[in-house]
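The values are calculated or read from the model by the stated rules, or taken from the named source; none is laboratory data. Bear in mind the structure is a predicted one, so any value in this text is a computation, not a measurement. Counting neighbours? That spans all protein chains shown, and the Cβs are built from the backbone with ideal geometry, glycine included.
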Amino acid sequence: MTGAPLFNRMALIGIGLIGSSLAQVARQRGLVNEISISTRSPATLQRAEELGLGDYYALDAAAAVEDADLVILCVPVGANEAVAKWIAPSLKKGAILSDAGSTKESVVEQVSPHVPDGVHFIPGHPIAGTEHSGPDAGFSTLFDQRWCILTPPDDVDQEALQKLKTFWESCGSDVDLMEPKHHDLVLAIVSHLPHLIAYNIVGTADDLATVTKSQVIKYSASGFRDFTRLAASDPTMWRDVCLNNKEAILEMLARFSEDLSAMQRAIRWGDGQMLFDLFTRTRSIRRSIIEAGQETDAPDFGRHVAGSPVSSND
Ligand SMILES: NC(=O)c1ccc[n+]([C@@H]2O[C@H](COP(=O)([O-])OP(=O)(O)OC[C@H]3O[C@@H](n4cnc5c(N)ncnc54)[C@H](O)[C@@H]3O)[C@@H](O)[C@H]2O)c1
Ligand SMILES: O=C(O)C(=O)C[C@]1(C(=O)O)C=C[C@@H](O)C=C1
């Protein structure tokens with residue numbers, strides 16, 4: 001990015017995959033003058049310092065947000081309320097307060113009551129990540145060609161919204177605006193359910209006496225490998241996602257279980273047509289995603305680049 005930095009001081013509370021990636025991209029592209037970092041554990045804070053992610057480091061989150069024009073909470077969603085309470089008295093008037101949490105309605109409910117007058121609270125969620133966590137996992141291109149969803153309140157300050165939008169665009173993302181409840185419903189199916197399925201299938205395989213751990217490793221070049229990647233995601237993060245998007249996740253799990261039962265019935269009764277029709281429909285969904293230029297056939301999922309068509313065995 002060329003031109004003046006968008007913000008003078010950015011404060012990041014939580015410096016794992018997302019916080020570290022934000023620090024690196026903001027520094028590399030000159031989006032902010034200074035970065036102040038706070039996190040709960042002294043060892044993580046020290047690691048952030050060793051990696052040179054910021055300019056100021058503090059275990060006291062309130063101290064870290066003083067004088068910050070942009071504050072982004074990058075902690076597991078279950079920690080947002082406590083952090084908001086902690087930093088609220090120290091937030092600068094006119095500052096933008098945002099977050100990166102994977103759920104949005106709970107964040108709005110838990111953080112909004114603590115936001116002082118004159119601070120612009122605009123929740124956000126980069127749809128970008130990996131199964132890795134901690135400051136070492138971050139990288140500056142994480143947000144390139146990914147979506148970032150912002151869920152501003154109806155009476156949002158338009159100038160603040162535009163500034164935050166420009167920030168995420170400068171991080172490489174495309175920005176969409178959404179209602180928090182709608183965000184949670186959409187993400188329940190496209191992100192939360194796939195992770196739960198992965199946790200479940202890997203757990204089931206591990207429980208089966210016939211599928212020993214060594215066999216899981218030996219044959220993991222198969223489809224199972226994709227599930228093990230997702231199932232290696234951070235347990236705290238995903239526990240908090242489940243507890244904070246309970247309604248939408250339970251709704252999607254119920255739908256999923258019904259569809260799974262239908263598939264089970266088709267297999268039991270030898271209904272090959274049902275199975276063939278379903279598999280044909282789902283295959284065409286992946287093809288249409290690729291044709292829309294939102295997916296490559298490579299394992300680098302989700303970037304908005306034109307990809308090669310899926311090969312056909314027909
Ligand atoms: N990992 C992903 O793929 C991904 C993608 C998009 C959004 N998110 C969301 O972004 C947020 C951060 O995720 P991450 O992947 O960077 O997690 P992470 O586990 O890599 O990092 C979390 C950081 O928060 C700190 N922390 C935890 N509890 C805290 C507390 N009470 N007070 C202060 N710091 C605390 C940890 O020490 C760590 O530095 C989460 O809300 C998550 O839902 C994650
Ligand atoms: O690619 C991955 O590993 C991810 O899990 C990233 C992913 C996703 O489900 O797409 C996970 C959770 C976030 O809230 C956003 C992105």
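For every residue, the table says whether it meets (1) part of a helix (DSSP H, G or I); (2) within 16 Å of ligand 2 (Cβ to nearest atom); (3) in contact with a Cys (Cβ under 6 Å, 6 or more places away or on another chain).
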{"position": "85", "(1), (2), (3)": "yes, no, no"}
{"position": "89", "(1), (2), (3)": "yes, no, no"}
{"position": "92", "(1), (2), (3)": "no, no, no"}
{"position": "97", "(1), (2), (3)": "no, no, no"}
{"position": "103", "(1), (2), (3)": "no, yes, no"}
{"position": "106", "(1), (2), (3)": "yes, yes, no"}
{"position": "110", "(1), (2), (3)": "yes, no, no"}
{"position": "128", "(1), (2), (3)": "no, yes, no"}
Could we say that residue 17 is at pLDDT 95 or above, in contact with a Cys (Cβ under 9 Å, 6 or more places away or on another chain), hydrophobic (A, V, I, L, M, F, W, C) and under 24 Å from residue 112 (Cβ atoms) here?
-> no
Given 254, 262, 231, 266, which one is in contact with a helix residue (DSSP H, G or I) (Cβ under 8 Å, 6 or more places away or on another chain) and closer than 29 Å to residue 127 by Cα?
-> 231
Could you please find all residues in the range 1-17 being within 16 Å of ligand 2 (Cβ to nearest atom), part of a loop (DSSP other than H, G, I, E, B) and farther than 19 Å from residue 96 by Cβ?
-> 16
Return yes or no: is residue 20 assigned to a helix (DSSP H, G or I) and among the small types (Gly, Ala, Ser)?
-> yes
What number of residues within the range 30-83 satisfy the criterion of being assigned to a loop (DSSP other than H, G, I, E, B), on the phi < 0 side of the Ramachandran plot and not hydroxyl-bearing (Ser, Thr, Tyr)?
-> 14
Sole residue being over 26 Å from residue 182 (Cα atoms) and either in the same structural domain as residue 128 (by TED's automatic domain parsing) or in contact (Cβ under 8 Å) with a residue 24 or more places away in the chain (or both), chosen from 102, 98, 106, 21 | 21
Is there a residue in the range 134-141 that is assigned to a loop (DSSP other than H, G, I, E, B), in contact (Cβ under 8 Å) with a residue 60 or more places away in the chain and hydroxyl-bearing (Ser, Thr, Tyr)?
-> yes
